[in-house]
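Since the structure comes first, as structure tokens, the remarks are kept for the end.
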Amino acid sequence: MKVPFLDLKAQYETIKDEVSQAIQEVLDKTAFAGGPFVAQFEKEFADFCKVPHAIGVGSGTDALWLALLALGVGPGDEVITVPDTFIATAEAITYCGARPVFVDVEEATYNMDPSKLEAAITAKTKAMIPVHLFGQMADMDPIMGIARKHKLFVVEDASQTHGAEYKGRIAGSIGDAGCFSFYPGKNLGAYGEAGAVVTSNADLDKKIRMLRDHGQAKKYYHDLIGWNARMDGLQGAILSVKLRYLPAWNEARRRNAKLYNEMLGKVDGVVIPQESPQNKHVYHIYAIRVQNRDSLISALAGKDIHCGIHYPIPLHLQEAYKVLGLGKGSFPVAEKVAAEFVSLPMFAELFEEQIARVAGEVKAFISTPV
Ligand SMILES: Cc1ncc(COP(=O)(O)O)c(C=O)c1O
């Protein structure tokens, strides 16, 4: 029995007719770039996140970049984030002309460690980007408290947490802006590239809307220098269909995570994910930690069980960010966990037998003497 890391086809099969109909409607209306299907999705996604505004953009990377630009982040500024994330978080900072400054993560949740935050703040700090890694939100109360005390903006990178909650509040709704990726493999994934910014700030909403469309609010009247970062109509229509299923898919991921937890929780040498009591984790990624992860991944691949690593190299050790001059040992927790992560197969449509097979093979590998 093969166990893929992710099976987008299995999910597509369950919504095929609705997706075909949605695509046909876009074709019939030739509403390809922005337009009514994007506007409809924006309304639905804002409601879902319990905020007044959502702006559909071309990708999660665009969402982060435009949110920072709209908040006035620019050359000479510093923006604090974490090293254990996808590179887009830092790229967005760099593409504003600002400098990413990293703080270490908590070993229990892999998210920004609020106790390390104040030491990273300087006179140049303008904003922070807590990343809600793997489907669990960062500890937002202390993060917001520190940000407000120092008059800093907070942009949540909620790319991996569609529908996750922290103390009953939805991911993306707590900071000045929340940024989402709809990359196909995400909990809410488009059938191509797409992203969104959500916010409660009407001025920010207006500015991001302009920035994503060449700085215009009225056609050919360009008040700002913007960019083309519009969401395309097909993605808007497809995302509207998929958003209706997201709560059930998130519940299925939580059920699958619970099964993995029951099967692997007591295995010596395996660290399972910890859901903190204040959070509702949506398990975009189910990452365990083990000492000899490369051998485990190869052994599982040999049994047709396919895993991933999110992410093998923390950003401060990436070639692209060598310029920051941060060597090994700069962020010990981030480096330690990045060397131990193994992302097990996780998607809503996984069968219990597949989960049992993965867990059984992990156990067998861990208990075999080397
Ligand atoms: C944490 C995080 N931030 C940003 C992004 C960038 O999103 P996109 O690939 O849609 O540009 C992703 C997804 O790839 C992500 O996981």
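The values are calculated or read from the model by the stated rules, or taken from the named source; none is laboratory data. This is a predicted model, so every value here is computed, not measured. Here Cβ is always computed from backbone atoms with ideal geometry, including for glycine, and neighbour counts include all displayed protein chains. Surface areas here come from the heavy atoms of the whole protein model, side chains and all, with no ligands, DNA or RNA. Shrake-Rupley method; radii C 1.70, N 1.55, O 1.52, S 1.80 Å.
Observations on the model:
- 38 Å tail of the calculated P(r), the chain, as % of Cα pairs: 17 percent
- Reachable lysines from residue 207, criterion Cα separation under 16 angstrom, eight or more residues apart if same chain: 218, 219
- Computed over neighbours whose Cβ is under 10 Å from that of residue 312, the net charge equals 0, Lys and Arg +1, Asp and Glu -1.
- Residues residue 169 and residue 221, FRET efficiency given R0 of 56 Å [Cβ-Cβ distance, rounded to 0.05]: 0.90
- A DSSP coil position with no more than 16 other Cβ atoms inside 10 Å describes the following trypsin sites (Lys or Arg not before Pro) in the range 51-145: 124.
- Helical contribution to [θ] at 222 nm, DSSP H n ≥ 4, -39,500 (n - 2.57), averaged over the chain, rounded to 500: -12000 deg cm²/dmol
- For residue 124, net neighbour charge (Lys/Arg +1, Asp/Glu -1) across residues whose Cβ lies under 11 Å away: 0
- The stretch between residue 299 and residue 328, if pulled fully straight at 0.36 nm per residue, gains 7.6 nm over its current Cα-Cα span.
- Secondary structure note: in the chain, about 65% of the DSSP beta bridges are antiparallel.
- Virtual spin-label span in nm between residue 245 and residue 87, 7 Å along Cα→Cβ: 3.2 nm
- Cleavage-rule hits, trypsin sites (Lys or Arg not before Pro), the range 192-244, DSSP coil, Cβ neighbours within 10 Å at most 15: 219, 244
- Label point distance in nm, residue 43-residue 292, each placed 7 Å from Cα along Cα→Cβ: 5.8 nm
- Taking a point 7 Å from the Cα of residue 255 along the Cα-to-Cβ direction, the residues of the range 1-35 with backbone N closer than 20 Å to it are 3-16.
- GNM flexibility winner over the chain from 27, 259, 350 (Cα, springs under 10 Å): 27
- 14 Å beta-carbon shell around residue 230, net charge (K/R +1, D/E -1): -2
- Ranking by accessible area, most exposed first, for 249, 227 with a 1.4 Å probe: 227, 249
- From the alpha carbon centroid of the range 91-140 to that of the range 251-322 is 21 Å.
- Extension gain, residue 368 back to residue 336 (0.36 nm per residue minus Cα-Cα distance, nm): 9.2 nm
- Surface composition of the range 154-231: carbon plus sulfur atoms hold 50% of the accessible area, using a 1.4 angstrom probe and ignoring ligands, DNA and RNA.
- Entries of 242/280; 206/328; 29/242 with Cα pairs more than 30 Å apart: 206/328
- For the chain, built as a Gaussian network whose Cα springs stay under 10 Å, the top-fluctuating residue of 158, 39, 287: 39
- Label-to-label distance, nm, for residues given as residue 206 and residue 119 (7 Å Cα→Cβ offset): 4.3 nm
- Of all aspartates and glutamates in the structure, those lying under 16 Å Cα to Cα from residue 9, and not within fewer than 8 positions of it along the same chain, are 17, 18, 349.
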